[in-house]
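Colleague: Below you will find the structure I want to go over with you.
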Amino acid sequence: MVGAGISTPSGIPDFRSPGRGLYSSLQQYDIPYPEAIFELSFFFRNPKPFFTLAKELYPGNFRPNVTHYFLRLLHDKGLLLRLYTQNIDGLERASGIPASKLVEAHGTFASATCTICLRSCPGEDFWADVLADRVPSCRVCTGIVKPDIVFFGEPLPERFLLHVADFPMADLLVILGTSLEVEPFASLSEGVCSSVPRVLINQDVVGTFAWHPRGRDVVQLGDVVHSVEKLVKLLGWTEEMRDLVRRETEKVPRVNR
Ligand code: APR
Ligand code: ZN
């Protein structure tokens, strides 16, 4: 289970870190309160702030970091049952984790839907408008095109229901870079059997690790990259990680920021 804290090392702000999280830097967007930027009622009144933020988060501007590649290595070693992410930055896919292993619980920018005729349109269509500071409109009915990310109050993607089978089957739960503040995602942390170890890798103790700790919980506090590198060393995977990161970063053109 992961959240925005695994992407801050890639340069993407998280939501709630005091002072530097997105929710404390949205004053520039002329919105009544931070979460409004992800609320449908506000979006239909004024979609501009959301698309300004979307341009900031344009996936082409960022690259996966060691944390994403650690999760990719778990997959390569046949150890990753599923990766449940709240992130909409697409960096899990960019690290090479196949879509079949991913549950993007809060949706994705990879596709978009017309809010009037519900036509689906591929991401590249609307990014051209977003990067040109235009509100993307449907080619057919001129309705506003909204990326397929989950706004507050919207249902989660159907794939989220995979958790019903996945969590009881898991023999280890690793949670990285999330405040565990948003439901129903946060409650997944209670979904594994009581005998299954849960590992939290985060700046601070959050959610169920604070108010409902279990006997086999392990909490590793501090910077996520530092913690992951320590874990990789303990696992004896440092060489493999270095090779994987080198191979993957050589594939990607330099980011022209
Ligand atoms: N190393 C370790 N922990 C970090 C790092 C880092 N480099 N950067 C941030 N964190 C931690 C923060 O301390 C915080 O506990 O990651 C957590 C990020 O929490 P949030 O900002 O609340 O992000 P997230 O949990 O993903 O938010 C969940 O809220 O607004 C909605 O839809 C949005 O998906 C998002 C959801
Ligand atoms: Zn339309």
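Where a number appears in this text, it was derived from the coordinates with a stated rule and is not lab data. None of the values given here were measured: they were computed from a predicted structure. A quick note on method: Cβ atoms are made from the backbone with ideal geometry, for glycine too, and the neighbour counts reach across all protein chains shown.
Colleague: Before anything else, pin down the relative contact order of segment 62-113: Cα pairs under 8 Å, at least 6 apart, normalised by residue count, whole percent.
Modeller: Numbers: 56 pairs, mean separation 20.4, N = 52.
Result for segment 62-113 is 39 percent.
Colleague: Just the Cα atoms of segment 100-257, one point each, no solvent: what log10 I(q)/I(0) does Debye give at q = 0.08 Å⁻¹?
Modeller: Scattering profile of segment 100-257, log10 relative to I(0): -0.37.
Colleague: Another question, then. So what is the relative contact order of segment 1-84, in percent, for Cα pairs below 8 Å that sit 6 or more residues apart?
Modeller: 28
Colleague: Quick one, could you list the DSSP H helices from the chain stretching 27 Å or more along their long axis (Cα atoms) with average Kyte-Doolittle hydropathy of -0.5 or above?
Modeller: For the chain, where a helix must reach 27 Å along its axis and average at least -0.5, there are no hits.
Colleague: Percent relative contact order of segment 179-257, based on C-alpha pairs within less than 8 angstrom and at least six residues apart?
Modeller: 23
Colleague: Also: As a test, work out the antiparallel percent of DSSP beta bridges whose residues both lie in the chain, rounded to the nearest 5.
Modeller: Bridges in the chain that DSSP calls antiparallel: roughly 35 percent.
Colleague: Find the centroid of the Cα atoms in segment 158-185 and in segment 62-100, then give the distance between the two in whole Å.
Modeller: 15
Colleague: Kindly provide the helix-only [θ] at 222 nm of the chain, computed as the sum of -39,500 (n - 2.57) over DSSP H runs of four or more divided by all residues, to the nearest 500 deg cm²/dmol?
Modeller: After summing the helix terms and dividing by residue count, I get -8000 deg cm²/dmol.
Colleague: While we're here: Which distance in nm do the two modelled labels at Thr52 and Cys193 give, with both placed 7 Å along the Cα-to-Cβ direction?
Modeller: If labels sit at Thr52 and Cys193, their model points lie 5.2 nm apart.
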